[in-house]
Amino acid sequence: MSETDTKTQALRTMIVDDEPLAVERIQVICAELPAINVVGTASDGAAALRLAEKLEPDLVLLDMTMPELDGLGVARKFAESDGEPPAVIFVTAHDHFAVEAFDLEAIDYVLKPVSADRLERAIERAVARRGERKEPQSKWLDELWVPHRSELLRIAVSEVHQIDAERDYVRLHVGEPSENGEPSRSYLLLQTIAGLEARLDPEQFIRIHRSTILRRDNIRGLRHDGLGVWSAELQNGEALRIGRTYLSKVKAMAGR
């Protein structure tokens, strides 16, 4: 395949960032990736929208925090526009916008300082999804991005079996509960438990306490401890107390 053919098939890509050094760094990395062809750059949200209208990019590498119109605002404008919106990969120094980014169907969420291999993996995701027919997005989350070391991991919500509130954060317990006492993996996410509960499918998850949400199939049974106190028995044998506020809903789940 000739270089011209490669460029024709490559994703037409825009870089949007208000930091010139960040744009330069991403351009240097992108120059080594034949899957994309950088067709333009913008330094603010308004300029990004004007340029995207003219260039019709397939992919936008989008900074999250910019003055006036930020990255989330730009992505929302893309989603509201007529025609097929470009795919978006957020590139940012902040890890606490992951839930909002997923709401906007972003391909990925790459943390600064951007490494070549991490950006390449994100772009591979964009290439893999090129041409896919978009299904109507469910109102319920099916994936989450969680901070881990120097990047964000994509976690399937179906892998989360318990969620605990920890002040302004929630702790996601991931993987099947162990019957031999081995702890499951857990990750902290900057999100209130009430905010996350509103985005979880109630057919799959149920809140049993002001600080605990459980995946329904993680509940093996209910136990009456006396004096109106009930507990949920988990698949690993652990018992968690059910808050009085949530007891009627939990009993209804069990048909009681």
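The values are calculated or read from the model by the stated rules, or taken from the named source; none is laboratory data. No experiment lies behind these values; they were computed from the predicted model shown. Because the Cβ atoms are built from the backbone with ideal geometry, glycine has one as well, and the counts that use them run over all protein chains shown.
Data overview
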{"quantity": "Any hit, region 42-54, residues being over 29 Å from residue 150 (Cα atoms), touching a strand residue (DSSP E or B) at 6+ places or on another chain (Cβ under 7 Å) and not basic (Lys, Arg)", "calculated": "yes"}
{"quantity": "Within region 225-242, considering residues that are small (Gly, Ala, Ser) and surrounded by 15 or more Cβ atoms within 10 Å (Cβ to Cβ), the one farthest from residue 161 (Cα to Cα)", "calculated": "231"}
{"quantity": "Out of 50, 76, sole residue that is surrounded by fewer than 20 Cβ atoms within 10 Å (Cβ to Cβ) and farther than 24 Å from residue 195 by Cα", "calculated": "50"}
{"quantity": "Criterion violated by residue 205 - all others in (1) within 30 Å of residue 97 (Cα to Cα); (2) modelled with pLDDT under 95 satisfied", "calculated": "(2)"}
{"quantity": "Positions within region 78-113 being of a type in the set (Ser, Thr, Tyr) and either over 23 Å from residue 156 (Cβ atoms) or in contact (Cβ under 8 Å) with a residue 60 or more places away in the chain (or both), in sequence order", "calculated": "81"}
{"quantity": "Positions within region 218-245 being acidic (Asp, Glu) and under 22 Å from residue 173 (Cβ atoms), in sequence order", "calculated": "233, 238"}
{"quantity": "Whichever residue in region 27-40 is assigned to a helix (DSSP H, G or I) and farther than 19 Å from residue 55 by Cα and, among such residues, is farthest from the chain's Cα centre (by Cα)", "calculated": "28"}
{"quantity": "Contacts under 6 angstrom Cβ, first residue in region 61-72 being assigned by TED's automatic domain parsing to the domain that holds residue 99 and surrounded by fewer than 22 Cβ atoms within 10 Å (Cβ to Cβ), partner not in a loop (DSSP other than H, G, I, E, B) and not β-branched (Val, Ile, Thr), 6 or more apart", "calculated": "69/45; 69/46; 72/100"}
